[in-house]
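This report concerns only the one structure given below.
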């Protein structure tokens with residue numbers, strides 16, 4: 001019998017706020033990347049360092065720190081596996097392209113995470 005993950009998100013525009021399986025895992029990951037490391041109460045190691053790196057030049061050291069952080073965060077979730085990670089600098093921040101695999105169904109997708117330092121927001125497409 002397959003495990004079905006169920007969750008809830010108010011970011012959905014439909015009347016049904018329930019998320020399942022891969023969509024839930026992806027939303028959980030986006031939520032994790034939305035939090036600056038050390039910002040979550042009582043969990044100083046939760047969150048990502050990317051928000052602290054947005055004003056740094058994207059040299060080898062910065063890129064390696066970001067890639068390691070992304071890999072660690074994704075490996076924290078047993079539902080997901082990371083494939084490729086590409087970090088590029090944009091005018092207002094970083095674009096992170098991730099190839100994710102959803103373990104239970106082996107579904108693979110590439111997602112883009114746009115970290116914008118001007119608006120302090122994370123957008124996906």
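The values are calculated or read from the model by the stated rules, or taken from the named source; none is laboratory data. These figures come from a predicted structure and were not determined experimentally. So basically every Cβ, Gly included, is an ideal-geometry build from the backbone, and we count neighbours across all protein chains shown.
What about residue 71, is it touching a strand residue (DSSP E or B) at 6+ places or on another chain (Cβ under 6 Å) and part of a strand (DSSP E or B)? So residue 71 fails the test.
When only residues in segment 37-64 that are in contact with a helix residue (DSSP H, G or I) (Cβ under 7 Å, 6 or more places away or on another chain) and part of a helix (DSSP H, G or I) count, which is surrounded by the most Cβ atoms within 10 Å (Cβ to Cβ)? That would be 50.
Flag: residue 12 matches the condition of being under 20 Å from residue 113 (Cα atoms), within 18 Å of the chain's Cα centre (by Cα), at pLDDT below 70 and surrounded by 13 or more Cβ atoms within 10 Å (Cβ to Cβ). Within segment 78-103, if we keep just the residues that are outside any strand (DSSP E or B), touching a residue at least 24 places away in the same chain (Cβ under 8 Å) and surrounded by fewer than 16 Cβ atoms within 10 Å (Cβ to Cβ), the residue that is nearest to the chain's Cα centre (by Cα) turns out to be 78. Candidates are the residues of segment 104-119 that are surrounded by 12 or more Cβ atoms within 10 Å (Cβ to Cβ) and in a loop (DSSP other than H, G, I, E, B); the one that is nearest to the chain's Cα centre (by Cα) is 117. Within segment 15-36, being part of a loop (DSSP other than H, G, I, E, B) and either modelled with pLDDT of 90 or more or within 28 Å of residue 106 (Cβ to Cβ) (or both) holds for 16, 17, 34, 35.
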